[in-house]
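Note sheet for the following structure.
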Amino acid sequence: MTNSYPRSDERRRMVELQIEARGIMDPGVLSAMREVPRHLFIPQPWNRDAYADAPLPIGSGQTISQPYIVALMTELLHPKPTDTVLEIGAGSGYQAAILSMIVKKVITIERIETVAEHARTNLANVQAKNVEIVLGDGTLGYPLSAPYNGILVTAATPTIPEPLKAQLADGGRLVAPVGSRSIQDLIVIEHHGDQFREEQYGGVRFVPLVGKFGWEE
Ligand code: SAH
């Protein structure tokens, strides 16, 4: 990915006013947010507002998160260049593209086929080569490439799906919005031996995680 994508001034302003101003400091996160062309992940006509301080529709009733929430969740993962990260809920592919700039390998799972196809196109457009998109129920995780240094759940879940905890590497971190269908808390879990330490962050709103260990359809 190069920084030659259009609308780089809008991205610079987005990072300064929405992300740095709210306390995000991880240099890798800030530079990824400046580089990845968010407008290429959002369909018309909403792509005009791609750099606004808001979530936006991406089709099939799904949404791309507000830029600040993407930055916050990425920072909370403590991503490192040697990491393999699993994302649940590929959506537009934007969060996966941000992660792909920072870590070695990203696997992202999406349950809706047309959404997964769009994510694949979007990620190919920005030449993100270290991202694998898997079609399926992400509440089961993806045992094939486990364990993961980081797991990011980008849909609202009533509880942390057990298979995801089981696929978290020792020292790994999991970030997920946990709560009701309408409002959730951002939860971070860090795995150490047989312990799972939990921290809570502010309130967030995500579309529901639908699957065996999530909500019913
Ligand atoms: N991270 C995305 C936004 C996610 S929106 C982005 O950067 O654009 C939440 C996505 O989770 C939706 O696309 C929805 O279809 C998907 N989803 C919901 N339940 C899922 C499940 N069990 N497994 C995989 N994907 C799921």
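The values are calculated or read from the model by the stated rules, or taken from the named source; none is laboratory data. Just so it is clear, the structure is predicted and the values come from calculations on it, not from any experiment. As a convention, Cβ positions derive from the backbone with ideal geometry for all residues, glycine included, and neighbour counts pool all protein chains shown. The area values use the complete protein model at the heavy-atom level, side chains included, leaving out ligands, DNA and RNA. Shrake-Rupley method; radii C 1.70, N 1.55, O 1.52, S 1.80 Å.
When a 1.4 Å probe is rolled over the protein heavy atoms, the share of accessible surface on region 8-204 that falls to carbon and sulfur comes to 51 percent.
Within a straight-line Cα-Cα reach of under 23 Å, residue 105 can be paired with the following lysines, leaving aside sequence neighbours fewer than 8 residues apart in one chain: 80, 129, 165.
Below 14 angstrom from the Cβ of residue 164, what's the summed charge of the other residues (Lys, Arg +1; Asp, Glu -1)? Within the 14 Å Cβ shell, the charges total -2.
Rounded if a/c is under 1.5, else prolate if a/b is larger than b/c, else oblate: which is the chain, with a ≥ b ≥ c the root eigenvalues of its Cα gyration tensor? Present the calculation step by step, with values, prior to reporting the outcome.
Values: a/c = 1.43, a/b = 1.32, b/c = 1.09.
It is rounded, given that a/c, with a ≥ b ≥ c, falls under 1.5.
Students often check this: by mean Cβ neighbours within 10 Å, which of 144-155, 91-102, 125-136 ranks highest, and how do the rest follow? Walk me through the numbers on the way to the answer.
Details: 144-155: 21.7, 91-102: 26.1, 125-136: 15.8.
Top to bottom by mean Cβ count within 10 Å: 91-102, 144-155, 125-136.
Compute the acute angle (0 to 90°) between the alpha-carbon long axis of helix 67-76 and the principal axis of greatest extent of the alpha-carbon atoms of the chain; round to the nearest 10°. For 67-76 against the chain, the angle is about 40 degrees.
Taking the longest Cα principal axis of the chain as reference, the axis of helix 113-125 is set at about 50 degrees.
Report note on the peptides 47-57, 174-184: ranked by the mean count of other C-beta atoms within 10 Å, highest first, their order is 174-184, 47-57. Region 1-52 and region 57-131 have Cα centres lying 14 Å from one another.
Per residue, region 8-204 exposes 43 Å² of solvent-accessible protein surface, assessed with a 1.4 angstrom probe and all protein chains in place. About its Cα centre, the dipole of region 11-88 is roughly 240 debye, where the only charges are +1 on Lys and Arg Cβ and -1 on Asp and Glu Cβ.
Would you work out if region 154-217 is rounded, prolate or oblate? Take a ≥ b ≥ c from the square roots of the eigenvalues of the alpha-carbon gyration tensor; rounded if a/c is under 1.5, else prolate when a/b is larger than b/c, oblate otherwise. Could you put the intermediate results ahead of the total?
On the way: a/c = 2.89, a/b = 1.49, b/c = 1.94.
Since a/c reaches 1.5 but b/c is at least a/b, the shape of region 154-217 is classed as oblate.
State whether region 105-217 is rounded, prolate or oblate according to the following rule on the C-alpha gyration tensor (a ≥ b ≥ c being the square roots of its eigenvalues): a/c under 1.5 gives rounded; otherwise a/b larger than b/c gives prolate, and the remaining case gives oblate. Oblate, since a/c reaches 1.5 and b/c is not below a/b. For the chain, the Cβ-based charge dipole about the Cα centre amounts to some 500 debye (Lys, Arg positive; Asp, Glu negative; other atoms uncharged).
Net charge around residue 37, counting only other residues with Cβ within less than 15 Å of its Cβ (Lys, Arg = +1; Asp, Glu = -1)? Don't skip to the end; give the middle numbers.
Numbers: positive: 7, 11, 12, 13, 34, 38, 48; negative: 9, 10, 35, 49.
Around residue 37, the surrounding residues sum to +3.
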